[in-house]
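The values are calculated or read from the model by the stated rules, or taken from the named source; none is laboratory data. Keep in mind that this is a model prediction, so the values were computed, not measured. Cβ sites come from the backbone with ideal geometry, for glycine too, and all protein chains shown count toward neighbours. These area figures cover heavy atoms from the full protein model, side chains too; ligands, DNA and RNA do not enter into them. Shrake-Rupley method; radii C 1.70, N 1.55, O 1.52, S 1.80 Å.
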Amino acid sequence: MITEVMINRLDELIGDYNTPFFNYLLYSYDLTLNECEGIINELKDDISSNRVVSSNMVSTLDDYFKSKVADLEKQKKMDYLSGLISEDNDFYIKYLKKYDLSSEDIGLIYQRVESKIMEDNISDFEIKRYLEYYFSNSLKQITYINDLNGIVGNNYDTLLIQSQKRKYPILRDRDIVDIVFNIHGEIIEAKEFKNGIKNEFKRQCMIRSEDKKAKCKKNLNRFVEGCGDSFSKLTRFKGLDKRDGEIIVSQILDDISQGMIQPEMIDGVFITRRFNDYNERQ
């Protein structure tokens with residue numbers, strides 16, 4: 001019953017494709033009559049199958065057209081993209097053919113530009129610009145990937161990785177893998193590494209180390225200052241004074257600065273254990 005009411009209201013608004021509201025849709029979205037009819041039929045199907053339920057058909061119809069028109073526009077742009085990378089296309093012959101890429105590489109580039117269309121609805125000019133950018137960087141990418149593979153080695157066991165783990169003890173195997181995956185993703189996105197992949201790997205190791213230390217300090221601060229007076233109570237419970245508590249916190253901070261503590265280690269049990277260790281040493 002509800003679907004019938006909605007479809008009747010839709011028919012009232014559209015009429016025989018000659019009502020003022022239909023003309024508004026036709027000209028506002030710059031569509032052909034056939035395109036408008038197709039969208040309206042899709043909306044009727046969605047109403048009939050309960051995929052669309054509305055108490056305001058005017059608003060629903062306008063929003064539905066807006067969404068469908070965006071989809072049509074993106075599809076046209078993807079067709080335009082496909083044409084540009086065709087071997088007999090003037091743009092391809094003039095600007096892209098010289099890079100002599102394999103069909104697999106071109107397919108990857110197509111996917112990247114396609115995602116830009118779907119996510120950002122980029123213009124035709126931007127489609128050409130991205131194609132030129134990705135094609136021109138493709139040769140660099142091969143070098144970057146080879147350099148990254150050299151860092152990884154057979155099993156993340158190269159001297160460079162070992163040296164970075166010694167330099168930043170807070171880094172674990174999972175961190176190294178994440179850094180490598182992150183760099184690989186940036187290579188795929190055609191990022192340029194002016195200082196080379198080796199230096200980028202070192203830079204990201206340093207950043208990851210500092211980020212983890214900052215998280216350690218945040219977790220520690222949450223227990224020291226963010227839990228009411230529980231830290232003070234623990235200090236008194238252990239027979240210690242405020243100065244002792246400050247010394248314990250300072251010792252933990254020293255360990256954090258040396259990369260000896262992981263963020264997830266800092267919890268109530270950890271804090272209590274450090275108090276116990278301090279008491280035993282005293």
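Can you work out which of the residues in the range 47-61 that are crowded, with 16+ Cβ neighbours inside 10 Å and either in contact with a helix residue (DSSP H, G or I) (Cβ under 7 Å, 6 or more places away or on another chain) or acidic (Asp, Glu) (or both) is nearest to Asn34 (Cα to Cα)? Only one residue tops the list, namely Leu61.
When residues of the range 213-235 are filtered for being surrounded by 12 or more Cβ atoms within 10 Å (Cβ to Cβ), in a helix (DSSP H, G or I) and out of contact with any Lys or Arg (no Cβ under 9 Å at 6 or more places or on another chain), how many remain? Give the derivation first.
Quick first cut of the range 213-235, residues surrounded by 12 or more Cβ atoms within 10 Å (Cβ to Cβ) only: 213-224, 226-227, 230-232, 234-235.
Okay, now just the ones that are also in a helix (DSSP H, G or I), so 213-224, 230-232, 234-235.
Next, only the ones that are out of contact with any Lys or Arg (no Cβ under 9 Å at 6 or more places or on another chain) stay: 213-224, 230-231, 234.
Selection size over the range 213-235: 15.
From the list Asp173, Asp120, Asp178, pick out the single residue that is within 30 Å of Cys36 (Cβ to Cβ) and open to solvent by 30 Å² or more (accessible area, probe 1.4 Å).
Working: Asp173 fails: within 30 Å of Cys36 (Cβ to Cβ); Asp178 fails: within 30 Å of Cys36 (Cβ to Cβ).
Going through Asp173, Asp120, Asp178 in turn, the sole match is Asp120.
Looking at Gln111, Gln164, just one residue is touching a helix residue (DSSP H, G or I) at 6+ places or on another chain (Cβ under 8 Å) and outside any loop (DSSP other than H, G, I, E, B), and that residue is Gln164. Assess whether Tyr156 counts as being among the aromatic types (Phe, Trp, Tyr) and within 21 Å of the chain's Cα centre (by Cα). The answer is no for Tyr156. Of all the residues in the range 183-212, those that are farther than 19 Å from Tyr168 by Cα and either in contact with a Gly (Cβ under 6 Å, 6 or more places away or on another chain) or open to solvent by 50 Å² or more (accessible area, probe 1.4 Å) (or both) number 7. Residues of the range 114-131 that are free of Cβ contacts under 8 Å to residues at least 40 places away in the same chain and over 15 Å from Gln141 (Cβ atoms): Glu114, Ser115, Lys116, Glu119, Asp120, Ser123, Phe125, Glu126, Arg129.
Lys94 passes every criterion in (1) among the basic types (Lys, Arg); (2) at pLDDT 90 or above; (3) surrounded by 15 or more Cβ atoms within 10 Å (Cβ to Cβ) apart from (3).
Residue count for the range 6-17, restricted to those that are of a type outside the set (Phe, Trp, Tyr) and open to solvent by less than 80 Å² (accessible area, probe 1.4 Å): 7. Selection of the range 95-108 for residues being acidic (Asp, Glu) and outside any helix (DSSP H, G or I) yields only Asp100.
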